[in-house]
Structure formats: C-alpha cells, structure tokens
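Colleague: The structure is given below, and queries will be raised subsequently.
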Amino acid sequence: MKTTFLKNGIRLRWLNTAGFEIVMSNGRHILLDPFLSGDIGGLSCWPVEVDSIESCEYLLLSHIHFDHGADVGSIQKNFPGLKLFVGDLSADPLCTTQEIDCSKMYRVRPGEKYQFDDLTIEVFAGRHTEASKGVYRKKTVKQDGSFDAAMWYGSLELQNYLLTLCDGTRILVWAGMTSEDQMYRFAGLNPDIALMHVSPKQSFDEFARLTAAIGPKVIIPHHYDCTEALFQAVPETMNQMNEENRKKFVVDGVFQFPLYLQSLGQACQEKNPGSDLLLLEHHKWYRFGFCVEKEDVN
C-alpha cells in the first residue's frame, strides 16, 4: 500500500532567504517575506519569477528590509485582494517605497491576534540580528546621501508569527536574533513546524535551547543561503560571526555550510530529541500532514 495523505496538512516550498509559499488544505496561499528577485547587491540568491506565484490570499512580513519585502508591490498588483501584514512602525516606509494599496494592510504589533475563517495569526516581538555596536542611522543612508527609511525601520522593528491554519496545522514563523528572553516568550508553543532564521553569527547553544523551548516537530532553517553567497563573494564578512564558529567551520578560508548545518541539527536534537531539522531544496514543493501507510509485516 502506498502512502496516502489524508485531507489535511499543507504544501510548502522555500523560495529563497526567508521567503516561503504555503498552500493550506483549502487551497488558499500564504506568502512569507517574498524576495523574488533574489538580487543582493549583484549576488544572485535563487530568484523566482513573479508569475510562478499562482495565488496569494495572505502576505506576512517579518520586517521590511529589501531581502524580505522588495516585491510586495508587484505581488499585490497581481493579487489585489491579498491581506498584507506588516509591523505598525514599518507600514508607512513600506508604502512610500512601493506602490501599495494600504486599505488591504494590517499594521501589527506584538501581542495581537488576528482571526479569519481559515487562518489565525498571533504576533510576537522579534529582534533583528545586530552587531555588537547595534544599528545606527549613519548605516542607513543611500548612495545619494538620503535617509533609507526602509533599512532603518527594518532593523528597528521585527515581528514573528504563529499561524494556525484551517486544518489545525501550526507554523511558527521566526526570524532575527536569538536572545534569552525568547526562550520564555515562545516556551511551550509546540508548533508542528518552525521556520527558523539561521545565522553563523549566533550561538549554537542558544539556538538549540530556543528550539527546545519552542518544541516543534520539524525545524526548517532558512536565510543561510544568502549568507553562503555573501561569504563566498566577500570572505571578510566571515569576521562578523562568533569566534567559536570561525574556528569550527572555516577551513582554508571557506565556510563549510554542510558541516555547520549538520552540527546545528545535532545540537537541536540533543536539546529536544523529538524535533528534526529538515533542509529543504529551493523551489521544491514539500507535503506535510497526516498520512497512512500499511506496514509490511513479512
């Protein structure tokens, strides 16, 4: 008997960076942090054609940096009825940089909960990855000398989301920087899937402790793909990561991402044996849900 999925669960694909497309069991689509062009200062990071997005009813942004929200306007143009979720402070800067219908926008704040017929969205405070000296206005200036509001507010405000889909599937959408308080804020959520931003700048142990507190069945790491491209093109950026990761994973001047991700998965399993870290291929569809398969007892 072949594996048969029951009428539940989701289809999911990783686009690039923090971008995901989710299809619920009712056929409606959710987009997370879409960065379809995949162009990071001339570096190509798994671009996606806008026309490959067949539908979008909900679009959620963790923050408004270009590698998370550069294509919101073009997506809304294709799907004008979509509901757009973005941080309250970041809404105006997003609208000034792109042509967006603000009447379809939800300006969200931590602690809020949005209930729809087929989706519930809970909002949690996050923290963008920072250097030891933080983020300053002088770092958010465009080449022409003008202030880059999208870069500034993208660093200032970051949201995480817990999604409960129409069939009960629970997905944590997590980005940014690990911090000790999050281990208490997210403790016991126990989602089916946790989409987790991974950065070599952060501590293995702290990330593993965070995922153990969250308690997901499946951990799907993301955003490391553009970091890998950046490390290859500009090796000196590897100096931004912590010393422990430099010693373990930089070999002959090259960061060993396969070894890094394997070690990260082992660290997570040591803290929470019930979780699996699953590496997805870009642009490939994956199915998650209850299924049935008759065991062969012979």
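Colleague: Run down 30, 40, 64, 53 and say which single residue is hydrophobic (A, V, I, L, M, F, W, C) and touching a Cys at 6+ places or on another chain (Cβ under 6 Å). If you could, list the steps in order and put the result at the bottom.
Modeller: Numbers: 30 fails: touching a Cys at 6+ places or on another chain (Cβ under 6 Å); 64 fails: touching a Cys at 6+ places or on another chain (Cβ under 6 Å); 53 fails: touching a Cys at 6+ places or on another chain (Cβ under 6 Å).
Testing whether each residue is hydrophobic (A, V, I, L, M, F, W, C) and touching a Cys at 6+ places or on another chain (Cβ under 6 Å) leaves just 40.
Colleague: Specify which of the listed residues (293, 228) is at pLDDT below 95 and within 18 Å of the chain's Cα centre (by Cα). Please lay out each step first, then the result.
Modeller: Working: 293 fails: within 18 Å of the chain's Cα centre (by Cα).
The conditions single out 228.
Colleague: Oh, and also: Give the range 257-298 a look and list any residue that's of a type in the set (A, V, I, L, M), part of a strand (DSSP E or B) and crowded, with 16+ Cβ neighbours inside 10 Å, or say none. Walk me through it before giving the result.
Modeller: We begin by selecting, within the range 257-298, every residue of a type in the set (A, V, I, L, M); these are 259, 261, 264, 267, 277-280, 292, 297.
From the residues that got through so far, the ones that are part of a strand (DSSP E or B) too are 277, 292.
Selection gives 277 alone.
Colleague: When only residues in the range 165-176 that are within 18 Å of residue 126 (Cβ to Cβ) and among the β-branched types (Val, Ile, Thr) count, which is surrounded by the most Cβ atoms within 10 Å (Cβ to Cβ)?
Modeller: Among them, the one singled out is 173.
Colleague: Sticking with this structure for a sec: Picking from 88, 51, which residue would you name as being of a type in the set (D, E, K, R) and under 17 Å from residue 154 (Cβ atoms)? Spell out the reasoning first.
Modeller: On the way: 51 fails: under 17 Å from residue 154 (Cβ atoms).
None of the other options fit; the residue is 88.
Colleague: Within the range 198-219, track down each residue that is buried (at least 17 other Cβ atoms within 10 Å of the Cβ) and either assigned to a strand (DSSP E or B) or of a type in the set (Asp, Glu) (or both).
Modeller: The answer is 219, and nothing else.
Colleague: Can residue 129 be described as at pLDDT below 95, in contact with a Lys or Arg (Cβ under 7 Å, 6 or more places away or on another chain) and in a loop (DSSP other than H, G, I, E, B)? Give the steps one after another, and end with the answer.
Modeller: On the way: at pLDDT below 95: yes; in contact with a Lys or Arg (Cβ under 7 Å, 6 or more places away or on another chain): yes; in a loop (DSSP other than H, G, I, E, B): yes.
For residue 129, the condition - at pLDDT below 95, in contact with a Lys or Arg (Cβ under 7 Å, 6 or more places away or on another chain) and in a loop (DSSP other than H, G, I, E, B) - is met.
Colleague: Between a first residue in the range 231-257 that is farther than 22 Å from residue 205 by Cα and a second residue that is of a type in the set (Gly, Ala, Ser), which pairs have beta carbons less than 8 Å apart while being 6 or more apart in sequence or on different chains?
Modeller: Cβ pairs passing all conditions: 235/253.
Colleague: For residue 17, only one of the following conditions fails: (1) surrounded by 19 or more Cβ atoms within 10 Å (Cβ to Cβ); (2) β-branched (Val, Ile, Thr); (3) closer than 28 Å to residue 291 by Cβ. What is its number?
Modeller: The one condition residue 17 does not meet is (3).
Colleague: Still on this structure, please answer the following. Can you give me the number of residues within the range 231-254 that are assigned to a strand (DSSP E or B) and either under 30 Å from residue 190 (Cα atoms) or under 22 Å from the mean Cα position of the chain (by Cα) (or both)?
Modeller: Step one: of the range 231-254, the residues assigned to a strand (DSSP E or B) are 250-251, 254.
With the extra rule that they be either under 30 Å from residue 190 (Cα atoms) or under 22 Å from the mean Cα position of the chain (by Cα) (or both), the set shrinks to none.
Counting residues in the range 231-254 that are assigned to a strand (DSSP E or B) and either under 30 Å from residue 190 (Cα atoms) or under 22 Å from the mean Cα position of the chain (by Cα) (or both) gives 0.
Colleague: Looking only at the range 177-197, filter to residues that are crowded, with 19+ Cβ neighbours inside 10 Å and under 24 Å from residue 250 (Cβ atoms); which one of those is modelled with the lowest pLDDT?
Modeller: 178
Colleague: Residues that are exposed (fewer than 13 other Cβ atoms within 10 Å of the Cβ): list the strands (runs of 3 or more DSSP E) wholly contained in the range 43-117 that include at least 1 such residues. Can you show your working first?
Modeller: Details: elements: 58-60, 83-87, 105-108, 113-115.
In the range 43-117, 113-115 are the strands (runs of 3 or more DSSP E) which contain 1 or more residues that are exposed (fewer than 13 other Cβ atoms within 10 Å of the Cβ).
Colleague: Also: What are the pairs with Cβ atoms under 6 angstrom where one residue, in the range 273-285, is modelled with pLDDT under 95 and the other, located anywhere, is part of a loop (DSSP other than H, G, I, E, B) and surrounded by 12 or more Cβ atoms within 10 Å (Cβ to Cβ)? Sequence gap at least six, or different chains.
Modeller: 275/216
The values are calculated or read from the model by the stated rules, or taken from the named source; none is laboratory data. This one's a predicted model, so the numbers in the text were calculated from it and none came from an experiment. Don't worry about glycine lacking a Cβ; one is built from the backbone with ideal geometry, like all the others, and counts go over all protein chains shown.
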